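Step one of this worksheet: look at the structure below.
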Amino acid sequence: MRCRQVVLGAVVAVLGMSGSGLAEDDPTIGEAMRLIRKGDDFYKGLFIGAARGIEASNFYLGENGQLRLYCPPDAMDSMPFQQWVSIVERYLEDYPRTVSRADTSLPLVMARAIKDVFPCR
C-alpha cells in the first residue's frame, strides 16, 4: 500500500508541474505544443520531464504488481522525445477541443494520450 501512495504522489506531482489554470497567462495546450515544436527550452524540458515521470511511474507500478497507467509493447520502457510529441499531436487531432484548453496541464494530456495509444486490456 505504501508503494501505491508513493507512486500516486509522484504522478500527482508530475501532473501538477505544468500550468493548471491557476495563472491567467498559462498557455493553452495547443500553444504549449507549438512552443515545444519551436524548440522552446522551458516547454521542451517540461515535456521531457513529464514524459520521463510518466514512464517511471508506469514502470514502477508494473514492477510492483499494480495497475499500470498504460501498456506498451514489452520491450518498450521509454520512448524518444519525437515519438512522445507525435503521440500527443495525434491525440490533439482526435480531441480538438483539448487544443484550446488552458485549464488542464500538459502532463495530464500526455498521460491521456499515451493511455489512448497503449491501453491496458
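Bear in mind these aren't lab numbers, they're just calculated from the coordinates by the rules spelled out. Computed from a predicted structure; not experimentally measured. Cβ: placed from backbone, ideal geometry, glycine included. Neighbour counts: every protein chain shown.
Among 62-74, 106-118, 87-99, the peptide with the highest mean count of other Cβ atoms within 10 Å heads the list, and the full ranking is 106-118, 87-99, 62-74. The modelled label-to-label distance for the pair ARG101/ARG52, using points 7 Å beyond Cα in the direction of Cβ, is 2.7 nm. Amide H contacts of TYR70: none lie under 5 Å away among residues 5 or more positions distant or on a separate chain (H built 1.01 Å from N in the peptide plane; Pro and chain starts excluded). For ASP94 and CYS120, compute 0.36 nm times the residue count separating them, minus their Cα-Cα distance, and round to one decimal in nm. Using 0.36 nm per residue and subtracting the Cα-Cα distance, I get 7.4 nm.
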